[in-house]
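These notes concern the structure reproduced below.
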Amino acid sequence: MDDVKSFRKRHRIHIYGTDIPNPFSSFDDLESKYNFQPYICKNLKNSAYEKPTPIQMQAIPIMIHGRDLMAMAPTGSGKTLAYIIPMLHDLKGPEKIGYRALIISPTRELAQQIYREFKKMAVGKKFKVCMLTKATAATQAQTPHLREKFDILISTPLRLVHAIQQDIIELKNVRHLILDEADKLLELGFLEQTDEIFAACSNVKLQKALFSATFPSSVETLANDFMKDPIRVVIGLKNAATETIKQKLLYVGQEEGKLIAVRQLIQEGFKPPVLIFVQSIERAKELFHELIYDGINVDVIHSERTKAQRDSIILNLKQGKIWVLIATELMARGMDFKGVNLVINYDFPQSVQSYIHRIGRTGRAGRSGEAVTYYTKDDAPYLKSVVNVMKESGCEVPDWMLQLKNPSRESKKRLRKKPIERKTIDTRSTYDLKKMIRKNFKKTKSS
């Protein structure tokens, strides 16, 4: 068991679920361990696939065991092969009963790529693979008996939905349903079409698998609704942000620089809604009192506000009545702020998890988003933690940042427990503040 654990750790394979089959380490195992037909291994060798990638190592055994799967791995990590190989193994050979496997892709280009890969891997078996196009759909409409000759269907959603509605395609025998680039296929633009395809796949033994480079939390929630006890596999750094988020670090010097940066952003024009994170309720209130006078629709959400107030804020944000929402992290946890375009970390996050959670409020459901993190001299020692996430998420990071030292375990622990002490968010001059203090002091004395 320890060997399997260390193997997964070495290959950065993270797994979530129950009764998870063990990974394999070599393509030779396919024949020896799983009784794969020799043609598959031969085709792998002929295509110069020498060693399985981490996603293949773990996803193939899961699919062979007939389990539903959510697989997340970076672009170019061999996801297509991770479902083609077990699918060909399970289908054994061609049968003239109609489509038994279906792969949905959001784009024609990706569908073509999948088709080519299938043709390469199926050499030696007379599998009939169909890529649904206007021409192939027309042919099947004119000669219905052709449909039964095909084993595997690859299509984009809309093309397939039209074919289903016109009774050109029948999916009752489909045993394998793959959504490639699943996050795209489960976002609003495609969701209705994907639903219709699911409904047409009526086989009780249907196995579903989702493959993607990113899985926003909204997609995961959705996927759990239609999958049976799925296993989730994540390849790479567990703490990596969604690739749809453009991340940036901005040096602001001292605390006062943050307010200047926010006001500059407002003056230059921005695309609402924007979510601003601060480290405490006190600071949330302070920033709100500063921005309320800047002529923008701003509000603040924290645990001291009533449930009715919080519900009203969320509704106003959805309706576009609030442009900028200031929040404490705890308050935002678990809330799905729809369509947030920009997240500003006004106060540097206290941990990597905190950073990922905050910026994960944008770039959801396949949409793109932006996250800007302000840092001062005091935050500099912890900078590398965020730099690591940015690098892992595919963001451009300046070389000098990559050379920074990682913060020590002790300093990270201290920061998690207690945030950095910061100056009050206030643009009033020292003279005005002293005047106000004297005024309040006189009032207290006279009463």
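The values are calculated or read from the model by the stated rules, or taken from the named source; none is laboratory data. On a predicted model such as this, the values are computed, not experimentally measured, just so you know. Note that we place each Cβ from the backbone using ideal geometry, even for glycine, and neighbour counts take in every protein chain shown.
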If I ask for residues that are among the hydroxyl-bearing types (Ser, Thr, Tyr) and either buried (at least 23 other Cβ atoms within 10 Å of the Cβ) or modelled with pLDDT of 85 or more (or both), which ones from the range 96-109 would you list? TYR99, SER105
I'm checking my understanding of the structure. Among residues of the range 401-447 that are among the hydrophobic types (A, V, I, L, M, F, W, C) and over 28 Å from the mean Cα position of the chain (by Cα), which one is modelled with the lowest pLDDT? LEU433
Reported set for the range 266-284 where residues are over 26 Å from the mean Cα position of the chain (by Cα) and buried (at least 16 other Cβ atoms within 10 Å of the Cβ) is ILE266, ILE281, ARG283, ALA284
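For every residue, the table says whether it meets (1) assigned to a helix (DSSP H, G or I); (2) of a type in the set (Phe, Trp, Tyr); (3) out of contact with any Asp or Glu (no Cβ under 8 Å at 6 or more places or on another chain); (4) closer than 19 Å to PHE211 by Cα.
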position	(1), (2), (3), (4)
SER25	no, no, yes, no
ASN35	no, no, yes, no
LYS42	yes, no, yes, no
PRO52	no, no, yes, yes
MET70	no, no, no, yes
SER77	no, no, yes, yes
Are any residues in the range 321-340 at pLDDT below 90 and part of a loop (DSSP other than H, G, I, E, B), and if so, which ones? ARG333, GLY334, MET335, ASP336, PHE337, LYS338, GLY339
For the range 110-217, please list each of the strands (runs of 3 or more DSSP E) lying entirely inside it that holds at least 2 residues being surrounded by 14 or more Cβ atoms within 10 Å (Cβ to Cβ) and touching a residue at least 60 places away in the same chain (Cβ under 8 Å). 176-180, 207-212
Test for GLU192: is it at pLDDT below 90 and closer than 25 Å to GLN58 by Cβ: no
What pairs come up if the first residue lies in the range 293-314 and is surrounded by fewer than 17 Cβ atoms within 10 Å (Cβ to Cβ), the second is part of a helix (DSSP H, G or I), and their beta carbons are under 7 Å apart, counting only those six or more places apart or on different chains? ASP294/ARG263; ASP294/ILE266; ILE296/ILE266; SER303/ILE281; SER303/LEU330; SER303/MET331; GLU304/ILE281
